1. Check off (1) outside any loop (DSSP other than H, G, I, E, B); (2) modelled with pLDDT under 95 for P174 and give me the number that stays unchecked.
2. Collect the residues in the range 245-260 that are in a loop (DSSP other than H, G, I, E, B) and exposed (fewer than 15 other Cβ atoms within 10 Å of the Cβ), keeping them in residue-number order.
3. Against the conditions (1) within 21 Å of E165 (Cβ to Cβ); (2) open to solvent by less than 20 Å² (accessible area, probe 1.4 Å), where does L242 fall short? Just the number, please.
4. Does any residue of the range 214-223 turn out to be crowded, with 17+ Cβ neighbours inside 10 Å and not aliphatic (A, V, I, L, M)?
5. Report, by residue number, each residue of the range 123-139 that is part of a helix (DSSP H, G or I) and open to solvent by 10 Å² or more (accessible area, probe 1.4 Å).
6. Considering only the range 221-237, I want to know if a residue exists there that is assigned to a helix (DSSP H, G or I), out of contact with any Asp or Glu (no Cβ under 6 Å at 6 or more places or on another chain) and more than 30 Å from W181 (Cα to Cα).
7. What are the pairs with Cβ atoms under 6 angstrom where one residue, in the range 261-280, is free of Cβ contacts under 8 Å to residues at least 24 places away in the same chain and the other, located anywhere, is assigned to a loop (DSSP other than H, G, I, E, B)? Sequence gap at least six, or different chains.
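The values are calculated or read from the model by the stated rules, or taken from the named source; none is laboratory data. Nothing here was measured: the structure is a model prediction, and the numbers come from that model. Cβ: placed from backbone, ideal geometry, glycine included. Neighbour counts: every protein chain shown. Protein only, heavy atoms only, side chains kept; ligands, DNA and RNA dropped before computing areas. Shrake-Rupley method; radii C 1.70, N 1.55, O 1.52, S 1.80 Å.
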Amino acid sequence: MSEKKIKVVLESEDDCVIFVSNEDADKLPSEESDFVLALDNEETFDGSEIQFGPISGYDGDDLDSTLPWNPDDLSAMQHSSLNNRPDVLNRILQSPEQTEKEVQHVKLRQVNIFQDVLNVFMEPKVLEADLKMELNNEKAVDSDGVSREVYSAFWEHFLEQCEGEDERVPRLRPDYSEKEWQAVGRVWLKGYLDHNIIPIKLSPAFILACCQGVRSVDEELLIRSFARFLSVSERAAVEKALQGNMDETHEEDLLDLFSRMGSHSLPSEDNLRSAILTMAHKVLLQEPKFIIDCFHSCMHNVEPMPITKDSIIELYETKRATNKKVAKIIKPSSENLNQQEQTALNHLLRYVRSIDQRKLEIFLRFCTGSTVLCKDTIEVTFNKLCGLSRRPVAHTCGAVLELPCTYNSYPEFRAEFDNILSNDCFTMNIV
């Protein structure tokens, strides 16, 4: 290698230099380029060839006042550099998974889960912590399963207070200030980043506005979200109106909708689409604008984030549970099943393919702790429990379902599983 001598100027004692490859150097923001020396993959530097000195008032090679350079100090120099510039370290030399986080243990009450979670997320630093959750009076170690259950319980309660049907938007509350709404935004962000959980009933138009601003929501997404925000009859009336073939029943439903939104007459046919768009913009974006701003303050500079319309829609479709998707991820722990085990597995698959959407989400939550798809597989093992002790047992951390293989018929299986899924909540009692 040809001889190289480099002079690096430090403006103060607090400045530092980090040595990285050219590939990593390209990832740096321009304002930090002065702190980095890029090395080609085939190059190495002899410490004796590098000298450090103060800023010179002229373009010369006078190094009389430079500090002596000891090659043995190279590793210490790099270590000091990383300590002084942890922001550079985190972005370049380590991936987010490799960055060590402070572990924060929190205890929550099942009966007051919403307020307890909100209190934890009032502190912005919670986003930087490795959060471990524990439910009072329930014996379970949090290896993600308890956290998923906590987020699911939080969003279930929160969405009950929101406006809308299949998709919902938050409404302003007199008891919520900016701090509370920012805390809710952090719950959304932390659940997504740590556990890949999102509340898919929260309107994607609303979430896109939170990530990128209100102007990022185009007409297509606005109409799509507004249709799912409405009731079934109102949705049908809007669709017929946009197609231009309303009958008398649809016209009455549309008039009721406009009346509820503050207008007491239908616009002309030429202005109908524009009026519906205005109405959609009002309820999905204008009314919750303060909430959108609070969420945006938490979300706008976080990566990786679903920040485009297409990625938001794809994310929602990926997370939404369907009978076919859930049945597809159910896998037995062994390929060699006996007759009883195969029969029990067949009962389970038949059950999953036949239940309605609400019960399907409860089944998914029973097995994984989440009502959305966040695991690639639900592993099924078998036991021979019978009588009063017979019951399926779920291990949500690993998404494992212990299934009895002692059912005499499918109706018997269905009745017992229906009874389990009808509970309001599930107790965590296995360590």
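1. With respect to (1) outside any loop (DSSP other than H, G, I, E, B); (2) modelled with pLDDT under 95, P174 is out only on (1).
2. We begin by selecting, within the range 245-260, every residue in a loop (DSSP other than H, G, I, E, B); these are 245-247.
Within the range 245-260, N245, D247 meet the criteria.
3. (2)
4. The initial filter retains those residues of the range 214-223 that are crowded, with 17+ Cβ neighbours inside 10 Å, namely 214, 217, 221-223.
Add one more test, that the residue is not aliphatic (A, V, I, L, M), and what stays is none.
There is no residue in the range 214-223 that is crowded, with 17+ Cβ neighbours inside 10 Å and not aliphatic (A, V, I, L, M).
5. The initial filter retains those residues of the range 123-139 that are part of a helix (DSSP H, G or I), namely 124-128.
Matches in the range 123-139: P124, K125, L127, E128.
6. Within the range 221-237, one or more residues are assigned to a helix (DSSP H, G or I), out of contact with any Asp or Glu (no Cβ under 6 Å at 6 or more places or on another chain) and more than 30 Å from W181 (Cα to Cα).
7. Partner pairs satisfying both residue conditions: A275/P267.
Residue-by-condition table, conditions (1) open to solvent by 20 Å² or more (accessible area, probe 1.4 Å); (2) modelled with pLDDT of 95 or more; (3) assigned to a loop (DSSP other than H, G, I, E, B):
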{"position": "K328", "(1), (2), (3)": "yes, yes, no"}
{"position": "K331", "(1), (2), (3)": "yes, yes, no"}
{"position": "Q342", "(1), (2), (3)": "yes, yes, no"}
{"position": "L348", "(1), (2), (3)": "no, yes, no"}
{"position": "Y351", "(1), (2), (3)": "no, yes, no"}
{"position": "E379", "(1), (2), (3)": "yes, yes, no"}
{"position": "A394", "(1), (2), (3)": "yes, no, no"}
{"position": "D424", "(1), (2), (3)": "yes, no, yes"}
{"position": "M428", "(1), (2), (3)": "yes, no, yes"}
